[in-house]
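The values are calculated or read from the model by the stated rules, or taken from the named source; none is laboratory data. No experiment lies behind these values; they were computed from the predicted model shown. When we count neighbours, we look across all protein chains shown, and the Cβ atoms used for this are built from the backbone with ideal geometry, even at glycine.
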Amino acid sequence: MRKLLEAAKQFAGSAAIEDYVIGIGLCIVKLSDGRTGLSYVLKSEIRGGCSPLERILEAGQPATEFVEFYASSDPLKVSLGLATINACLNQVHERDFQSGDLTEFLQIKPHDSVAMVGDLRKALPGIKAQRVYVFERENSTGTLPDWMIPYILPECSVAVITSASLSNKTFWFQVEPYLRTSKVALVGPTTPLFPEAFHNVGIFAGFKITDTDAALKIVARGGGTRNLLREGAATKVVLSRK
């Protein structure tokens with residue numbers, strides 16, 4: 001986690017926070033130089049009733065200060081921090097972005113055993129293998145509780161991980177230490193497209209903001225990833241570790 005924070009502060013430079021929106025499911029941050037980042041909002045963990053923020057965080061602050069919010073225990077500040085991190089880092093390797101189906105990059109074979117951290121079955125229907133283990137914090141049909149991850153994940157040949165696990169920080173202590181395969185993908189709009197901050201992740205499937213003003217408006221009006229894609233405000237991209 002510290003590598004992610006330090007890299008974001010390095011690439012933030014002198015940028016300040018120009019604007020941000022905390023929506024229903026997503027948070028978006030725009031920097032003074034136009035760079036923009038997204039993150040997932042942990043709705044179920046927000047505290048404080050109708051006033052979850054103790055005070056309104058004004059724009060104009062250095063981006064480096066917002067980056068440090070990721071180390072906070074406040075779920076809204078964590079979302080702001082992670083969105084700022086993505087704004088700082090997600091253009092660094094832009095020339096290496098690719099498009100395409102994630103399954104093509106993972107090259108899943110019929111005999112593989114796949115660990116899916118977060119229920120991504122609807123988002124990734126093309127993932128087929130001999131065994132697919134789906135781990136989810138909120139128990140639902142066909143899933144395993146996340147406390148089973150340390151027992152099963154090390155034995156899996158492919159791992160597909162929701163980047164929402166960065167928002168609740170379970171990635172760092174419940175997922176990353178148990179990765180034993182080279183076929184690991186981090187997936188979703190919260191994904192930092194910056195391989196240098198991760199030890200075991202080889203594929204980063206995230207979002208590139210293509211229309212910042214439209215994206216801010218969509219998130220402000222309660223829109224999510226489908227709305228961003230449908231309105232042309234963002235596009236899916238894949239970055240592979242070299």
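Residues are listed down the side, and each one gets a yes or a no for (1) over 15 Å from Ile203 (Cβ atoms); (2) not hydroxyl-bearing (Ser, Thr, Tyr):
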{"site": "Lys77", "(1), (2)": "yes, yes"}
{"site": "Leu89", "(1), (2)": "yes, yes"}
{"site": "Glu94", "(1), (2)": "yes, yes"}
{"site": "Thr103", "(1), (2)": "no, no"}
{"site": "Ser113", "(1), (2)": "yes, no"}
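For residues that are at pLDDT below 95, out of contact with any Leu (no Cβ under 8 Å at 6 or more places or on another chain) and either not in a helix (DSSP H, G or I) or not hydroxyl-bearing (Ser, Thr, Tyr) (or both), tally how many sit in region 32-52.
Count: 8.
Looking at region 182-242, what strands (runs of 3 or more DSSP E) fall wholly within it and have at least 2 residues that are without any contact (Cβ under 8 Å) to a residue 60 or more places away in the chain and either more than 15 Å from the chain's Cα centre (by Cα) or crowded, with 16+ Cβ neighbours inside 10 Å (or both)? Please lay out each step first, then the result.
Numbers: elements: 184-187, 203-209, 234-240.
Per the criteria, 184-187.
Rundown of residues vs (1) closer than 24 Å to Ser44 by Cβ; (2) within 16 Å of the chain's Cα centre (by Cα); (3) assigned by TED's automatic domain parsing to the domain that holds Lys30, yes/no style:
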{"position": "Arg55", "(1), (2), (3)": "yes, no, yes"}
{"position": "Ala59", "(1), (2), (3)": "no, no, yes"}
{"position": "Ala71", "(1), (2), (3)": "yes, yes, yes"}
{"position": "Pro75", "(1), (2), (3)": "yes, yes, yes"}
{"position": "Gly118", "(1), (2), (3)": "yes, yes, no"}
{"position": "Gly126", "(1), (2), (3)": "no, no, no"}
{"position": "Val132", "(1), (2), (3)": "no, no, no"}
{"position": "Ile161", "(1), (2), (3)": "yes, yes, no"}
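For (1) of a type in the set (Lys, Arg); (2) surrounded by 11 or more Cβ atoms within 10 Å (Cβ to Cβ); (3) in contact with a helix residue (DSSP H, G or I) (Cβ under 9 Å, 6 or more places away or on another chain), each residue gets a yes or a no:
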position	(1), (2), (3)
Tyr40	no, yes, yes
Phe69	no, yes, yes
Ser72	no, yes, yes
Arg95	yes, no, no
Ala129	no, yes, no
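Consider Val29 against the criteria (1) modelled with pLDDT of 95 or more; (2) in a helix (DSSP H, G or I): it satisfies all of them except one. Which criterion is unmet?
Condition not satisfied by Val29: (2).
I'd like the full set of residues that are at pLDDT 95 or above and of a type outside the set (Ser, Thr, Tyr), limited to region 132-143.
Val134, Phe135
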